[in-house]
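I have placed the structure first, in the form of structure tokens, so that the comments after it can refer back to it.
No value in this document is a laboratory result; all are computed from the given coordinates. This one's a predicted model, so the numbers in the text were calculated from it and none came from an experiment. Using ideal geometry, Cβ is built from the backbone for each residue, glycine included, and neighbour counts are taken over all protein chains shown.
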Amino acid sequence: QLQLAESGGGLVQTGGSLRLSCAVSGRTVSIYTMGWFRSAPGKEREFVAAIGDITYYADSVKGRFTISRDNAKNTVHLQMNTLKPEDTAVYYCAAKATYGSVYHVLEYAYWGQGTQVTVSS
């Protein structure tokens, strides 16, 4: 069974940066496609970024966020720069098989508990 644990969330001012981490246990992270999603109050959970053989980004974060994977530490990171108030959400790490769409919530079988990111204006 795969277990995911996010960390690194917090409160930051507009324009600031945060680095989220997702520690993976149970299996090696390299065999999965890893994704980050976020949920804001009153909104559906939305895709942010994913990493498999290549990286994928939502248009809203492209150029500001970077997803990376450290196979040696079994960890996935999301570097978030130039943060905006609309980035405020609970951020979730997720894992899926390497086939299928990376953009859809239902494709991911494993989820972390989430970490809160709040960007003040």
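Give the distance, in whole Å, between the Cα centre of the range 1-56 and the Cα centre of the range 70-115.
2
Sorted by average packing, counted as other Cβ atoms within 10 angstrom per residue and highest first, what order do 52-64, 88-100, 6-18 take?
88-100, 6-18, 52-64
Report the full-extension gain for the segment S60 to Y99: residue separation times 0.36 nm, less the Cα-Cα distance, to one decimal in nm.
11.6 nm
Can you give the convex hull volume per residue for the Cα atoms of the range 71-121, as a whole number of Å³?
Once divided by residue count, the hull of the range 71-121 is 113 Å³.
Would you mind counting up the charge near Q116? Only other residues with Cβ under 12 Å from its Cβ, with Lys and Arg at +1 and Asp and Glu at -1.
-1
If you take every residue apart from V29 with its C-beta less than 13 Å away from the C-beta of V29, what net charge results, scoring Lys and Arg +1 and Asp and Glu -1? Working shown, then result.
Numbers: positive: R27, R69, K73, K96; negative: D70.
Result for the local shell: +3.
Kirkwood Rh and Cα-based Rg: tell me the resulting Rg over Rh for the range 1-94, rounded to two decimals.
Rounded to two decimals, Rg over Rh is 0.95.
Could you work out the relative contact order of the chain? I mean the mean sequence separation of Cα pairs under 8 Å and 6+ apart, divided by the number of residues, in percent.
Relative contact order, the chain: 36 percent.
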